[in-house]
Every structure is written in C-alpha cells, then in structure tokens.
Amino acid sequence: MTDPANTDLPPVPPTTPFEIPPDDLDGRQAAWPTVVGIISIVYAAFGFLANGCGTAFIYLGNTGLSMMGIDGADLQIPVWLKVVQTAMGLFGMGLAIMLVVGAVGLLRRRVAALRTLKVWAILAIVSSLAGIGIGFAAIQPNVELQMSIQDAIRDKIAKDGGDPNAPQFDDLNKDEETIRRESIRNLAIFGVVPIIYPAIVGFLITSRRRVDQAESWNDQAPVA
C-alpha cells in the first residue's frame, strides 16, 4: 500500500558537486606595482621640489633672506662648491623625472618599468653617497655660511629692539665649533635617509617572484 504523504513531495532535482572558486593568488600579488608606483610618484615630487629649491637657494639665498627682512648676510659659496651643488641638484631633478617614468610604467604593468626603476635605484644610491662625500668636503664653507646667516638674524633681532642673547634665542648663539659638530652629525644622519627608499625599491623589483610575475605582463596592453 502506498503512503499518501509521500505523493505530495516535489521531485528532488539532481545535485551537482559543490565547487570552490579558485583562489585569485595572482590578482592579489599584483597589488604591489600599484602601491610602489603611487609611492614612487609622491617621492619623486618631493625629490624634484627639494632639489629645485636647493639649487635655487645657491643663487637666490641673499634675495630670499632680504625678502624676509634679514639683511647683511654674506652668503659666499666657493665657486667649486656652487658648480658641484648645481650639478647635483640638476641631476637629482633628472632622477625624479626618471622615477616618475618608471612609476607610471609600473602602474601600467610595463615590463620595461622594472629596468628603469633598477637603473634609477642604482643612480640614486650612488648620487646620495657622492652627496655625503661632497658634504664632508664642504664642511668649512657650510659652517661659514651658517655663521653668516646666524649673525644676520641676530642683527635683525637687535634692530627690532629684541635681545639676541635672550634664552629663547639660544639656537642663534652657537659658536663655530658647535655648528661644525652639528653639521657633521646632521650630514651623517640625513645623508643616509635618501638611500633608504631606492634600496627598498631595488629589493622589491629584483625579487625573483616579482620578476617572474612581471615577465607574464603584456608589455603592449596597459592595465586600466
């Protein structure tokens, strides 16, 4: 005898095996070109600005101080140092442009971008090391320059009716030896800072996993 309760049940559809969607590992790994590219563009903008302002100060330092009401500073820079600093500043601006080119290429997944960034990283590190060497060679002119600026600011304070020897102006009462020690310390610290990012980029783009991934990019088709 048939159970009438079972006749009201709908037919059971055939089942299919449950499939797990594939893990998009390559897609997640591909985020690094975007991150490195964007950071590099920002870094290049700061580098271009810093090198441009530094180069302009070599020739417009007295004018800039005069615009701030500080007169009397004798910003005498030796000719050899002026030539070297100008060349280094222009070279730094060129490196910033090169970094932008490499960064944009990386954002567009161009294989050639890795070669551009590799050359940039090498040149940036060499340039920074050369800058440290030049900085140590130019310690005395730099000390004299800072002393001249310090004296001019003290004169401005006195002219405005203030007391340049007051405690709040202690930073303007440094002797030559103090400025020399601080210059050497700052050069040792801040001279190394520009090496950090090129070293990081160089490490990232020479990683075997990333190089293998880049070789799979279509060098003709940009990524939206």
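Derivation of every value follows stated rules applied to the coordinates shown; laboratory data play no part. Predicted, not measured: the structure shown is a model, and the values here were computed from it. Virtual Cβ from ideal backbone geometry, glycine too; neighbours counted across all protein chains shown.
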(message) More than 20 angstrom separation, counting every C-alpha pair in region 61-127; what % is that?
(response) 52
(request) Order these peptides, 51-62, 170-181, by their mean beta-carbon neighbour count within 10 angstrom, highest first. (result) 51-62, 170-181
(request) Answer rounded, prolate or oblate for region 116-183, using the Cα gyration tensor with square roots of eigenvalues a ≥ b ≥ c: rounded when a/c is under 1.5, else prolate when a/b is larger than b/c, else oblate. (result) prolate
(message) How large are Rg and Dmax for region 137-221 when calculated on the C-alpha trace, in angstrom?
(response) 23.8, 70
(message) If I stretch the segment between E215 and A56 completely, what's the gain in nm (0.36 nm per residue apart, minus their alpha carbon distance), one decimal?
(response) 53.0 nm
(request) Obtain the nm distance between the two label points defined at I157 and A112 by a simple spin-label model: each point lies 7 Å from its Cα along the Cα-to-C-beta direction. (result) 5.6
(message) Please list 3J(HN,Hα) in residue order for region 98-103, calculated via the Karplus relation 6.51 cos²θ - 1.76 cosθ + 1.60 where θ = phi - 60°; whole Hz, with x for glycine and proline.
(response) 4, 5, 4, 4, x, 5
(request) In debye, nearest 20, what is the charge dipole magnitude of region 94-164 about its Cα centre with +1 on Lys and Arg Cβ and -1 on Asp and Glu Cβ, if you could check? (result) 880
(message) For region 120-205, what does the relative contact order come out to in percent, with C-alpha contacts under 8 Å and a separation of six or more?
(response) 54
(message) Using the Karplus curve 6.51 cos²θ - 1.76 cosθ + 1.60 with θ = phi - 60°, what ³J(HN,Hα) values do you get for each residue of region 166-175, in whole Hz, with x for Gly and Pro?
(response) 5, x, 5, 10, 4, 5, 9, 10, 7, 8
(request) Could you tell me which of rounded, prolate or oblate describes region 69-224, using a ≥ b ≥ c as the square roots of the eigenvalues of the alpha-carbon gyration tensor, with rounded for a/c under 1.5 and, failing that, prolate when a/b is larger than b/c and oblate otherwise? (result) prolate
(request) Quickly rank 161-168, 191-198, 205-212 as a protection proxy: mean count of other C-beta atoms within 10 Å, highest first. (result) 191-198, 205-212, 161-168
(message) If you average the alpha carbon positions of region 164-180 and of region 59-126, how far apart do those two centres end up, in angstrom?
(response) 31
